[in-house]
1. Can you give the calculated 222 nm mean residue ellipticity of the chain, where each DSSP H run of n ≥ 4 adds -39,500 (n - 2.57) and the sum is split over every residue, rounded to the nearest 500 deg cm²/dmol?
2. Could you list the trypsin sites (Lys or Arg not before Pro) in the stretch 290-320 that lie in coil according to DSSP, counting only those with at most 13 other Cβ atoms within 10 Å of their Cβ?
3. Using the Cα gyration tensor of the stretch 317-464, with a ≥ b ≥ c the square roots of its eigenvalues, what is the shape: rounded (a/c below 1.5), prolate (a/b larger than b/c) or oblate (neither)?
4. Using alpha-carbon positions, what is the distance between the centroids of the stretch 10-27 and the stretch 323-352, in Å?
5. Would you please classify the overall shape of the stretch 422-464 from the alpha carbon gyration tensor, given that a ≥ b ≥ c denote the square roots of the eigenvalues, rounded means a/c under 1.5, and beyond that prolate means a/b larger than b/c while oblate covers the rest?
6. Are there any chymotrypsin sites (Phe, Trp or Tyr not before Pro) in the stretch 109-184 that are in a DSSP loop and have at most 15 other Cβ atoms within 10 Å? List them by number.
7. Using a 10 Å cut-off on Cβ atoms, rank the peptides 277-283, 91-97 from the highest mean neighbour count down.
8. Under 1.5 on a/c is rounded, so check that first for the chain, then, if it is not, pick prolate when a/b is larger than b/c and oblate when it is not; a ≥ b ≥ c are the square roots of the alpha carbon gyration tensor eigenvalues.
Amino acid sequence: MNHDDLPTWSAKAAAWAQDYHNTLRDRPVRPTVTPGSIREALPATAPEQPEPIEQIFADFEALVPGAMTHWQHPRFFAYFPSNASPASMLAEQLANAISAQCMLWQTSPAATEIEERMIQWLRAAMGLPEGITGTIHDSATTATLSAVLTMRERALDWAGLSEGLSGQPRLRIYASDQTHSSIDKAVRLAGIGQDNLVKIPTRDDLSMDPDALAAAIKADRAAGHVPAGVVFCIGGTSVGACDRIEECLPVVEAEDLYTHVDAAWAGSAMICPELQPLWAGAERCDSIVFNPHKWLGVQFDCSVQFLRDPAPQIRTLGLRPDYLETLEGSDITDFNEWTVPLGRRFRALKLWFVLRAYGLEGLRDRLRNHVAWVGELAEAIRAIPELEIVTEPRLALFSFSHREGDAATEALIQKINADGRVYLTQTRHKGRFVIRMTAGSFDCTREDVMMVNTVLNELLPTKR
Ligand SMILES: *Cc1c(COP(=O)(O)O)cnc(C)c1O
């Protein structure tokens, strides 16, 4: 295949994508595949000779779509959504054509400057004050790792970077018991150690207890440890827990700790002004991450990190070897100094396309609908005698279970997913096995969301 063949095959791929999208509702959300079957269908070694693209494309059609979980399915209610709006897909196609490595301004001037502008667009749309800047990472995990590394180095006065961690005091990071495992991963990878991630208990509303936070910091200081930072949770993955950041900030600010907000999923909803009180106080935090690749229609991967002052993170992550020196120009940003990997994809292009093609109002309409329909579904489920809402809707996420206990709930989710019309996943809340329900697909409708109610009513034994 050469470049002259690309338009034909690209057009075929686009037509395939359209047909795929149009037939998604008719497919089960999750495939029935036996583990190992796809691997076995592929030859054990790579071809020595070129193969025709016709054959490769045909094999793709035969093997892949039927063995994938359809994340773009409008009735995908599992985990969190991973949306790909058509405008985003188009932007990725263009970014692929250019295939720039966007590590420096001079390797990618437009990518760098569109990235700067997109951060500003989002900052304003999300109600954050002027002066906040930021960058784009592959994932929230990487953004959180960057923030935790910055916490570490700031607390060590940047000695860890040169001397390593042995001989340094014991650092302590605080987060609620509702935070995502990416925080655990970050403290592990940062060499701080899992034992030094202090999980602060949450109150009845699942927010971090500020008194418990203050007490933990005090005890750590008394023990000679060094408190380094706090990670707040806005929209926890399990059941959507939100810290009340403003209530915790007085103690955090008095202790001069670095703060990071993990709003990976819920952050997208902050483009709706009426929802912004949910993260009140985030504007005073040092770092915030959210994933447009979850709920904003921008396809994976695209994770935005806002920074109140980028200098500490640049000091932590940035290196400038001779071969990366920029010889001309001032007033330029070299984003590789803000991120863990040196190489960077042109991710800002899809943000630019999506924000323009749908407009903030178009995106808000979708988010508001998801929240409203999920609320409506929760009421319908509340009326089913066998079932019980365990955690109330937070944005577009709630959890429920069978009144007869964990075994009945587990049997129910297996039946739901075997049915195939909708796909939901489970979590544990306060020791209890619960079914999570979240909606956020770009094209899902009220009928798609209410299908969960139809399926439940069909599957549960009581005659209604
Ligand atoms: C999804 C999620 C993450 C991880 O996001 P990645 O981009 O996959 O690393 C972290 N925190 C929360 C709250 C999430 O929902």
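1. Details: 15 runs with 191 residues, N = 464.
Value at 222 nm, helices only: -13000 deg cm²/dmol.
2. Details: sites: Lys294, Arg308, Arg315; in loops: Arg308.
Nothing satisfies the criteria.
3. Numbers: a/c = 3.65, a/b = 2.29, b/c = 1.59.
Here the stretch 317-464 falls in the prolate category.
4. 34 Å
5. On the way: a/c = 3.30, a/b = 1.09, b/c = 3.01.
Cα axes put the stretch 422-464 in the oblate bin.
6. On the way: sites: Trp121, Trp158, Tyr174; in loops: Trp158.
Passing sites in the stretch 109-184 are Trp158.
7. Values: 277-283: 19.7, 91-97: 15.7.
Going from most to least packed, we get 277-283, 91-97.
8. Values: a/c = 1.73, a/b = 1.10, b/c = 1.57.
It is oblate, given that a/c is not under 1.5 and a/b is not larger than b/c.
Bear in mind that the values in this text are calculations on the coordinates, not laboratory data. Quick caveat: nothing in here was measured; it's all calculated off a predicted structure. Note that each Cβ is placed from the backbone with ideal geometry, even for glycine, and that neighbours are counted across all protein chains shown.
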